[in-house]
Structure formats: C-alpha cells, structure tokens
Amino acid sequence: MYETTGGERSIEELEAAVLGTLDRYFEARLREVTGCPRRVGPEVEAYEKARRQFAEAEEELEGIRRRMEELKAGAVDTVVGGSEASELGQEIFELYEEVRDLTQAEKTAQRRKEDAEETLRRVEVDFEGDLGLAADGVAALALSKVEEIDAFKARLDQRFEEGRKSVLGAVV
C-alpha cells in the first residue's frame, strides 16, 4: 500500500503553486490580448459593440419566433381539444394577448437589429480600412504573445529537463 509522507505533500503543494502561477500567467496574457482593441482605437470597440447588439437582437428574434410557433401549436391544440365555449374563449383571448405582446417585442427587436446593422455599416465605412488595420494590430499582438508563451514554454521544458536529470543523477 502506498503511504504519503510529509515530503510528498510538500511536492504536491509545490506543484499546485506552480500550476496556480501558470494560471495567473495565462490570465495576464489573455488580459493583454483582450485589452488590445481598446488601445488600438475606438473603432474596434464601436464595431464590437455594434456586433454584440446585432447578435443579441438576432438571438431575441429567434426566441420570439420559437415562442410564436409554440403558441400556434397551442392554439390548434386548444381548438381541437374541444373545451367548453367559455374556457375556449378565455384561452383564445390569452393566446391573442401573448401573440400581440410577442409581435410588439418582435418589432422592437427587429428595429434594434436594423439599427445595429446600420451602425456596423457606418463603422466600416467611416473608418475606411482603419478597422482592418486595427484588427491586424490585435492579431499581431496576439501572435507576439503566442511567441512569448512558446519561448516561456521552452524555458520551462528546459528547467524540467534539468530537474529530472538532477533527480535521476541522485538515484544513480
């Protein structure tokens, strides 16, 4: 049976500390790259904001359309179900109310989507290529960070190899 000694626990603690440090290292690198668009220029941030608004509006529209389809199916089930006339009238009224609300929400979401599309077009036209240059700058920064990480990894590999050799040398 394997028994853990005090020395092994300290090795586990050291390993946890190394891994925790590596996590913080990669988080810092990620913050550098994700913060880069703001430093490159406001056009990237404006474009990203418009792109997010567009995606949110499309997602909302899709949800509204799914709910409308559910309501249509529910309306058919209600009518086919053959409830009493008063219950049927109440259920149809409730369905009508929800359809009306969903239709209004759909119009609002559609306007937001169109506004976001227009903003995207304006941003692309207003910056006449600056947006592409900014994106290239961000990509170049990300690539340089990847190269720095690869160099750091090579240094780590070398350190681990040296440590492994020293441990094996102590055994022989």
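Here, each number is a calculation from the coordinates, and none is a lab measurement. The structure displayed is predicted, hence computed values, not measured ones.
What the table shows:
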quantity	calculated
Whole-Hz ³J(HN,Hα) from phi, Karplus 6.51 cos²θ - 1.76 cosθ + 1.60, for region 11-23, glycine and proline x	5, 4, 5, 5, 4, 4, 5, 5, 5, x, 5, 4, 4
Partner lysines for Lys107 [C-alpha distance under 28 Å; skip if fewer than 8 residues away on the same chain]	Lys49, Lys72
